[in-house]
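Working notes, beginning with the structure itself.
The values are calculated or read from the model by the stated rules, or taken from the named source; none is laboratory data. If you're wondering where the values come from, they're calculated on a predicted model, not measured in any experiment. Here the Cβ positions follow ideal geometry from the backbone for every residue, glycine too, while neighbour counts run over all protein chains shown. When the accessible area is computed, the model is the full protein with side chains, heavy atoms only, and any ligands, DNA or RNA have been set aside. Shrake-Rupley method; radii C 1.70, N 1.55, O 1.52, S 1.80 Å.
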Amino acid sequence: MVLREAWIQQYYRTDGEVRVRQGKDLPPGRLRLASPYDPEARYGVKRGTGWVGYKVHLTETCDDDAPHLITHVATTDATVEDSQLAAVVWDDLAARELLPVEHAVDMGYTSAALLVQAMATYDVTLLGPMRASTSRQAGRDDGFDLSVFTIDFDNQQAICPAGHTSGKWREETSRGAPLIRLAFRKRDCGPCPLRPRCTTAAIGLRQLTIRPKAQHEALERARREQLTDDWKERYKIRAGVEGTISQAVRAGIRRTRYLGLNKTHLANALSAAAINLIRLDAWLTETPLGATRVSHFARLDLALTA
């Protein structure tokens, strides 16, 4: 069956000839076989590193007066995006009454929609860096990005830095997510002396794409907060999970000894349980936390400096 499925995914017959599928003719990555030995393994890429297999997502406590224990383990195939796991983790933690008041995560688990969902559905504050605006205006020191526009959701209009109001408000859906498109009037944008800082559009008018009200306000608030010293100090707490990932890697979690998602997940859960036992023992015996690991090269550099 695996051989037949691989054949269908990679080749097709036309006009009596067998041809290789390429580009869009190939099935999406989440369905495409990546290993002849494990039909459930998939090919994934993250930060330029590719692998065949699975992803593991770890959640741990980070209280100062208690041992840091892993409270949740999720295993997915390598194509699943991190942001898709946030609600899954919260549902599982809620079922066991382990939801945190504040959940510190990396950028892969943050979005405007998740900021709203975390608070509205789970009463959890999502603490994590939001992606900065990628617009051309945001890349300029004097550019007018979305943050300098006043959005009036009640009257369905936006006000630009020059005081002009938008003339078009259209609600749409893109890739299953709701959004709102706004456009200003050509008669306002055309002669505006601030236009070079706002748009280079050939037709001379500025357009905006925003999220629904709750998401838009949550995103803009989060982007402002993450620039403050208070937010940066709070976010330092997440550094502990990097040590957990390192400890899990040393325990062998990066390579699975088993075939299939279910067996791989069981192995990951057992590794997490072993880490928890080690940490409980260290806590009860008052063993201090290990220092940050320093590479051999870095130690050599420090020695020479001294």
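In deg cm²/dmol, rounded to 500, what helix-only [θ] at 222 nm does the chain give when every DSSP H run of at least 4 residues adds -39500 (n - 2.57) and the total is split over its residues?
-10000 deg cm²/dmol
Report the label-to-label distance for Asp301 and Ala95 in nanometres (one decimal), using points 7 Å from each Cα along the Cα→Cβ vector.
4.6 nm
Please check which bits of segment 206-222 a label hung off Lys168 would reach, taking the label as a point 7 Å along Cα-to-C-beta and the cut-off as backbone N under 18 Å.
Output list for this probe position: 206-211.
Report the label-to-label distance for Thr285 and Thr121 in nanometres (one decimal), using points 7 Å from each Cα along the Cα→Cβ vector.
Going by the 7 Å Cα→Cβ label model, 4.3 nm.
Pop out the carbon and sulfur fraction of the accessible area of the chain as a percent, whole number, probe 1.4 Å.
Here it works out to 53 percent.
Within segment 1-51, list the chymotrypsin sites (Phe, Trp or Tyr not before Pro) lying in a DSSP loop whose Cβ has at most 13 other Cβ atoms in a 10 Å radius.
Here the sparse-neighbourhood loop sites are Tyr37.
Order His164, His57 by their accessible area, 1.4 angstrom probe, all chains in place, largest first.
His164, His57
What Kirkwood radius, in Å to one decimal, follows from the Cα pairs of segment 141-278?
19.5 Å
Report the gain in length on full extension from Arg13 to Ile203: 0.36 nm times residue separation, minus Cα-Cα distance, nm rounded to one decimal.
This chain segment gains 63.6 nm when fully extended.
Could you run the Debye sum over the Cα atoms of the chain, one equal point scatterer each and no solvent, and tell me log10 of I(q)/I(0) at q = 0.12 Å⁻¹, two decimals?
Rounded to two decimals, the profile gives -1.03.
Just the C-alpha atoms of segment 56-198: what Rg/Rh do they give, with Rh taken as the Kirkwood radius?
1.11
Sorted by packing (mean other beta-carbon atoms within 10 Å per residue), highest first, where do 204-214, 218-228 land?
204-214, 218-228
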